[in-house]
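Let me begin by presenting the structure, written as structure tokens, before commenting on it.
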């Protein structure tokens with residue numbers, strides 16, 4: 001029998017918050033199957049467990065957008081801009097805020113709001 005040598009574990013490779021990651025992955029599953037309400041719940045649980053996750057906030061916003069809950073999406077997207085000044089999701093968040101604002105104005109113009 002030969003000895004198998006495993007590479008040493010790099011501490012940076014260890015998931016810092018596996019419970020948050022679990023909820024985030026579940027949220028992605030719900031999102032991609034169109035269960036946006038369930039996705040929102042899972043992403044919010046992920047946020048609660050890991051308050052440093054801009055991705056959980058962002059995906060919460062995307063779920064709200066797909067649910068046509070544009071005001072809620074704007075709240076989440078603005079949170080990214082305030083809470084995560086170094087996030088690489090900032091530009092996309094700003095673009096999505098503008099898009100949501102357009103959708104709200106369009107709905108108002110049509111008298112549906």
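Its DSSP H runs of at least 4 residues, each contributing -39,500 (n - 2.57), put the calculated 222 nm mean residue ellipticity of the chain at -22000 deg cm²/dmol, to the nearest 500. Annotation: peptides 32-40, 52-60, ranked by per-residue average of other Cβ atoms within 10 Å with the highest first, follow the order 52-60, 32-40. To the nearest ten degrees, helix 70-83 and the longest principal axis of the Cα atoms of the chain are 50 degrees apart.
For the chain, the fraction of C-alpha pairs more than 20 angstrom apart is 50%. Consider a paramagnetic label point 7 Å from the Cα of residue 68 along Cα→Cβ; state which residues of segment 92-107 have an amide N under 16 Å from it. Under 16 Å, as judged by backbone N against the label point of residue 68, lie 100-107 of segment 92-107.
On the basis of the beta-carbon distance and an R0 of 30 Å, residue 94 and residue 17 show a calculated FRET efficiency of 0.65.
Here, each number is a calculation from the coordinates, and none is a lab measurement. If you're wondering where the values come from, they're calculated on a predicted model, not measured in any experiment. For neighbour counting, all protein chains shown are included, and Cβ atoms are generated from backbone atoms with ideal geometry for every residue, glycine included.
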